[in-house]
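Peer 1: Once you've had a glance at the structure underneath, I'll fire off some questions.
The values are calculated or read from the model by the stated rules, or taken from the named source; none is laboratory data. Owing to the predicted nature of the structure, the values given are computational and were not obtained by experimental measurement. Cβ: placed from backbone, ideal geometry, glycine included. Neighbour counts: every protein chain shown.
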């Protein structure tokens, strides 16, 4: 993996942060919404009619409407490891909320679970949709294996993740002497290797760079905090070496301003892959298929 064996994430910290961010996530989720729009556009060119959709890492459920609009008859299931996020996704379950839902696709089922241990049956899903969730895993392989397990044969995984050039400006500006200040992200090629290792076939991936701009460093850090997206490395340093460290970081970032705004780069990796017919059984035996012989004309 591009992240390296020395990289690990504090899962409990991530759960707490995303739980705290549930109330503010939607107001600062412009990047996730734009990536969801682009993921949805990719489906214009893919022929698929899923009966059951898993939104893995669904957060506050903002992508449910995207999926319902494209696949109105599909059953939707949302999974996230932060319970407060799911409570936000649940929305208004009172009388007026139910009345507003009349005539709309059925309400998604919600499950609080880890991506690496899904409490879902094998081959129970037709499509797994995962928007900016994989970048919160130090090693995506266990989660990808679970996605493969719960997909039916010929089912598809549609995903996005953040690449290693994400927040490059912060990576350069923040002091490195006391450790990494910015989360590491998985390289597209390593993610492709993990897809194949998990059993997926025909992966198609690409990368693009999106740039958001901010008035200053404080605004950028605020958005990261309110979305739960601060560095969660187990080796993350504490503090910023006092006022001098902050001053140096601000000065370095100010030099990067464009038209008075501070840029923040986000490398977006998008892709999809399929679950093909298995070539071996779970215990390693080869699967042999016989086709009926065509009768002579």
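Peer 1: From 102, 127, grab the single residue that is modelled with pLDDT under 95 and either outside any loop (DSSP other than H, G, I, E, B) or over 23 Å from residue 13 (Cβ atoms) (or both).
Peer 2: 102
Peer 1: Here's another thing I want to ask about it. Name, by its number, the condition in (1) in contact with a strand residue (DSSP E or B) (Cβ under 8 Å, 6 or more places away or on another chain); (2) surrounded by fewer than 18 Cβ atoms within 10 Å (Cβ to Cβ) that does not hold for residue 197.
Peer 2: Of (1) in contact with a strand residue (DSSP E or B) (Cβ under 8 Å, 6 or more places away or on another chain); (2) surrounded by fewer than 18 Cβ atoms within 10 Å (Cβ to Cβ), only one is false for residue 197: (1).
Peer 1: Here are 210, 191: which of them is in contact with a strand residue (DSSP E or B) (Cβ under 7 Å, 6 or more places away or on another chain), part of a helix (DSSP H, G or I), in contact (Cβ under 8 Å) with a residue 24 or more places away in the chain and within 21 Å of residue 59 (Cβ to Cβ)?
Peer 2: 191
Peer 1: Separate question: Anything in region 240-274 that is over 14 Å from residue 168 (Cα atoms), buried (at least 20 other Cβ atoms within 10 Å of the Cβ) and in contact with a helix residue (DSSP H, G or I) (Cβ under 6 Å, 6 or more places away or on another chain)? List them, or say none.
Peer 2: Result: 269, 273.
Peer 1: Return only the number of the condition from (1) in contact with a helix residue (DSSP H, G or I) (Cβ under 8 Å, 6 or more places away or on another chain); (2) loosely packed, with under 14 Cβ neighbours inside 10 Å that residue 235 does not satisfy.
Peer 2: Among (1) in contact with a helix residue (DSSP H, G or I) (Cβ under 8 Å, 6 or more places away or on another chain); (2) loosely packed, with under 14 Cβ neighbours inside 10 Å, the lone unmet condition for residue 235 is (1).
Peer 1: Could you tell me which numbered condition residue 91 fails, if it satisfies all but one of (1) at pLDDT 95 or above; (2) under 19 Å from residue 20 (Cα atoms)?
Peer 2: Failed condition: (1).
Peer 1: Would you check if there is a residue in region 149-164 being surrounded by fewer than 21 Cβ atoms within 10 Å (Cβ to Cβ), modelled with pLDDT under 95 and in a helix (DSSP H, G or I)?
Peer 2: No; the residues of region 149-164 include none that is surrounded by fewer than 21 Cβ atoms within 10 Å (Cβ to Cβ), modelled with pLDDT under 95 and in a helix (DSSP H, G or I).
Peer 1: From 27, 41, grab the single residue that is surrounded by fewer than 16 Cβ atoms within 10 Å (Cβ to Cβ), closer than 21 Å to residue 161 by Cα, out of contact with any strand residue (DSSP E or B) (no Cβ under 7 Å at 6 or more places or on another chain) and touching a residue at least 60 places away in the same chain (Cβ under 8 Å).
Peer 2: Of the residues listed, the single one that is surrounded by fewer than 16 Cβ atoms within 10 Å (Cβ to Cβ), closer than 21 Å to residue 161 by Cα, out of contact with any strand residue (DSSP E or B) (no Cβ under 7 Å at 6 or more places or on another chain) and touching a residue at least 60 places away in the same chain (Cβ under 8 Å) is 27.
Peer 1: Taking region 7-24 on its own, how many of its residues are crowded, with 17+ Cβ neighbours inside 10 Å and in contact with a strand residue (DSSP E or B) (Cβ under 9 Å, 6 or more places away or on another chain)?
Peer 2: Going through region 7-24 one residue at a time, the tally reaches 3.
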